[in-house]
Amino acid sequence: MQLSNPRRMRRLTTGILIALLFLVPMVYVVMISLESSQQFLAHPLVPPVPPSVGNFGSAWQQGDLGPEIVNTVIYSLSAAAISTALSLLIAFPVARHLVRWHSPIFVSFVIGLCLPLPIIPLFIESRDLGLYNNRIGYILLHVEPGLPLGVILLTAFVYSIPTELDEAAWLDGAGYMRYIVRFITPLAWPGIVITFLYSLLGVWNDIIGPVVFLSSPNLFPVSRGVYSFYSSNQSAYTLLAAAVIIVSAPIAFLFVISQRQLLRATMGFR
Amino acid sequence: MWAGIAIGVGFFLVFGIVPTVANLVISFTNYSGLSGTPTAFTGLSNYTQLFTQQGPGFTASILDTIIFVLGVTVVQNVIGMALAHRLVNDTKTGSALRILVFFPIVLGVTVVGIVWLLLFDPFSSPAASFFGLFGVHPGFFGSNSWAMPLVITVQVWQNLGFTMAVYIGALKTIPASVYEAAMLDGVTPWQRFTRVTWPLMAPAVTVNVLFAVIGSLITYNIIYILTDGEFGTNTLGMLAFNTAFGQTADLGLGAAVTIALFVVAVAVAIPLAALLRSRERRLLA
C-alpha cells in the first residue's frame, strides 16, 4: 500500500518516539555499565571508549547472581505451569456449566482478583504446613496468586469455543481429561499463554515473598538478590547497572527466542 | 472433573481465602507476632486508629491512591490504545517496536525500578543533566512534586505492553469488511475510530480498565523500590505493606489496612465492572 508523504512522515515520527521511549533507558544502563567509576564521575554521558568490563566481574562476585537466576527460573516456571493447568481445569467446567456451582465459583475468583496479599497469615500457614524455607513450599505458595486471573481469562476463552465440538468428541467417546488436553488446550492456546506469562511474572516480580518465606541464602530468587545488591551499592551506579544487565540477560534471551510464539499467541500475529 | 476443580479451588481456599479471613480476625486484635506477648481482642480499635491517625496514615493516603490509580489507568489506556493502532500492522518495524514495548514486563519490577532510579538520579543522570541545562535541579524521586508523576510513569512504562497486547488482539478481530463499509460511507479517520473501532473494542476496554484500576490499587512493589511511599506516593497498597513490615511494624493495624484495601478494591471493582459491561451492551447493540 502506498502511503501519502505526510502520513508516512507521521508514522516515522511516532515510530521513532516509541523506540526512544523504550530504548533510551536500556541503552543508558548498558552504557554506564561499561564505564569505569572514575569516568562515570567525570563524564557520565560520554560513551565509554574503550569500554571497561570490570563492573561485570565485580557485580558477579559480590552478588550471588548465578544460582539466584537458576532459582528464579525453577520457581517461576513450576508455579506458573501448575497455576495455569489448575486454572484451565476450573475454567472449562465453569464455562460449560458442567457443575451446579459454576456461577459462585466464577464470582469468588473475581473477588479473589481484588485480594491484597494477606502476608502475615500466609507466613504462619507456611510455617505450620512445612512450606517455609524450601523450594517445593515456595512454589506451592505462588500457585494461588495466578488463579483468579487465569480462571477469568480462560473461562472467557473456553466460552468462545463452540460447544458442537464437545458433543462431537463425546460421541466419539473421548474422556474428559483427554478432551481437555487434545481439543480445548490447542483452541484456548492464546489464553493459556497469557495466563502462564502472567503468573510467571507474578513469581518473578515478587519482592516480599522471598523475604517472608525463605531464610537460606541458597534458596533466594534473583528479585531478592538484586534488591539487596541495590540496598548495599546504592551509590555505585556503574556496578548496579552491570548487575541489572547480568540478571536481565537470560530473561531477555528467553524472551527474544520465544517472542514470535508469544506475540503470535497473545496478539494473533502469524 | 471434580478432582481438577477441587485441587484448584483448594489452593484458592487455603492460600487465598483462609489467610484473608485470618487477616480479618487479626485486624480485631493487638497481635504483635512476637511469642510471649499475649494477644487480646481489641474490637474496632485498629479501625478507629486508622481513621483518626495523624500524619501519613490511612486518610492521607486516600488522596495519593486516587491520584495514582486515576493517573495510571488513564495514561496507560490512552497510550496503550494509541500504540495498538500504530503497531497493529504486521510490518518489520511494527513487530520490532511491539517487542520493545513488551520488553519492560519481562525485565521485572526490581530491574525496572533500578533502571529508572538511575535515569532520574538527582545528582548524576541524563535527567539531571538535561534539567541542569535550564539551571533547574529537581530531586525527582525525592521531591514532593516530581515523585508521583514519575512513579505513575514507571508503572505505566512497565505495564504498557499488556494493555497494548489486549488492544491489538481486539483490533485484529474487527473484520476488514466493517472498515470497507465505513470507507464507502466516506467517514473521516477520527469518525472511523469513534463510531466503528471504539464500540467494537468495548470488551477490551473493560478488561484493560479493570485490570489497571485493581492492579494499581493493590500494588506496592514498584512504589516500594522507587520511593518507599514517601514524597506523596503513599498509596493504600504501599501503606498496608509498610504498616505490617515497616519500621514500626504493627501487625493488627497492618491487617486492618489490608482489609480496608480489600473492601475499597471490591467497592470500586464491582460497580466499575457493571458500568463497563452495561456500556459494552449499549455500544455493541
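Residue under question is residue B:164, and the condition is that it be within 30 Å of residue A:19 (Cβ to Cβ), crowded, with 20+ Cβ neighbours inside 10 Å and facing chain A (nearest Cβ under 9 Å); does it hold? Yes; evaluated as a whole, the condition is true for this residue. When the residues of the range B:10-34 are filtered to those that are of a type in the set (Val, Ile, Thr) and more than 26 Å from the chain's Cα centre (by Cα), the one that is modelled with the highest pLDDT is B:25. Each residue in the range B:97-116 was checked for being among the hydrophobic types (A, V, I, L, M, F, W, C) and more than 8 Å from chain A (Cβ to nearest Cβ), and 1 pass.
When the residues of the range A:137-181 are filtered to those that are modelled with pLDDT under 85, acidic (Asp, Glu) and in a helix (DSSP H, G or I), the one that is farthest from residue B:215 (Cα to Cα) is A:167.
With respect to (1) within 10 Å of another protein chain (Cβ to nearest Cβ); (2) part of a helix (DSSP H, G or I), the lone exception for residue A:207 is condition (2). Quick test of your reading of the structure: residue B:144 fulfils all but one of (1) part of a helix (DSSP H, G or I); (2) touching a residue at least 40 places away in the same chain (Cβ under 8 Å). Name the failing condition by number. Of everything listed in (1) part of a helix (DSSP H, G or I); (2) touching a residue at least 40 places away in the same chain (Cβ under 8 Å), residue B:144 misses just condition (1). Taking residue A:59 as the residue in question, decide whether it is away from every other protein chain (no Cβ under 13 Å), surrounded by 19 or more Cβ atoms within 10 Å (Cβ to Cβ) and within 26 Å of the chain's Cα centre (by Cα). Answer is no for this residue. Of the helices (runs of 4 or more DSSP H) lying entirely inside the range B:1-117, the ones with 2 or more residues being free of Cβ contacts under 8 Å to residues at least 24 places away in the same chain and in contact with a helix residue (DSSP H, G or I) (Cβ under 8 Å, 6 or more places away or on another chain) are found at B:2-12, B:18-26, B:58-87, B:92-107. Scanning the range B:117-127 for residues that are hydrophobic (A, V, I, L, M, F, W, C), surrounded by fewer than 21 Cβ atoms within 10 Å (Cβ to Cβ) and more than 8 Å from chain A (Cβ to nearest Cβ) turns up B:123, B:127. Scan the range B:79-90 and give yes if some residue there is closer than 23 Å to residue B:227 by Cα, surrounded by fewer than 21 Cβ atoms within 10 Å (Cβ to Cβ) and not small (Gly, Ala, Ser), otherwise no. Looking for residues that are closer than 23 Å to residue B:227 by Cα, surrounded by fewer than 21 Cβ atoms within 10 Å (Cβ to Cβ) and not small (Gly, Ala, Ser), one finds none in the range B:79-90, hence no. When B:202, B:240, B:212, B:256 are checked against the criterion of being surrounded by fewer than 23 Cβ atoms within 10 Å (Cβ to Cβ) and either within 11 Å of chain A (Cβ to nearest Cβ) or among the small types (Gly, Ala, Ser) (or both), B:202 stands alone in meeting it.
Just one of the listed residues (B:239, B:184) is assigned by TED's automatic domain parsing to the domain that holds residue B:78, more than 30 Å from residue A:193 (Cα to Cα), over 29 Å from the mean Cα position of the chain (by Cα) and not charged (D, E, K, R), and it is B:184. Return the residues of the range A:74-103 that are outside any helix (DSSP H, G or I) and either within 22 Å of the chain's Cα centre (by Cα) or more than 11 Å from every other protein chain (Cβ to nearest Cβ) (or both); say none if nothing qualifies. Hits for the range A:74-103 are A:97, A:100.
Residues that are crowded, with 23+ Cβ neighbours inside 10 Å and either touching a Phe, Trp or Tyr at 6+ places or on another chain (Cβ under 7 Å) or modelled with pLDDT under 80 (or both): does the range B:178-185 have at least one? Checked against the condition, which is being crowded, with 23+ Cβ neighbours inside 10 Å and either touching a Phe, Trp or Tyr at 6+ places or on another chain (Cβ under 7 Å) or modelled with pLDDT under 80 (or both), the range B:178-185 yields no hits at all. The set of residues in the range A:104-136 being hydrophobic (A, V, I, L, M, F, W, C), within 11 Å of chain B (Cβ to nearest Cβ) and in a helix (DSSP H, G or I) consists of A:105, A:107, A:109, A:110, A:111, A:113, A:119, A:120, A:122, A:123, A:124.
The values are calculated or read from the model by the stated rules, or taken from the named source; none is laboratory data. In this text, all values refer to a predicted model and were calculated from it rather than measured experimentally. Reconstructed Cβ throughout: ideal geometry from the backbone, glycine too, with neighbour counts over all protein chains shown.
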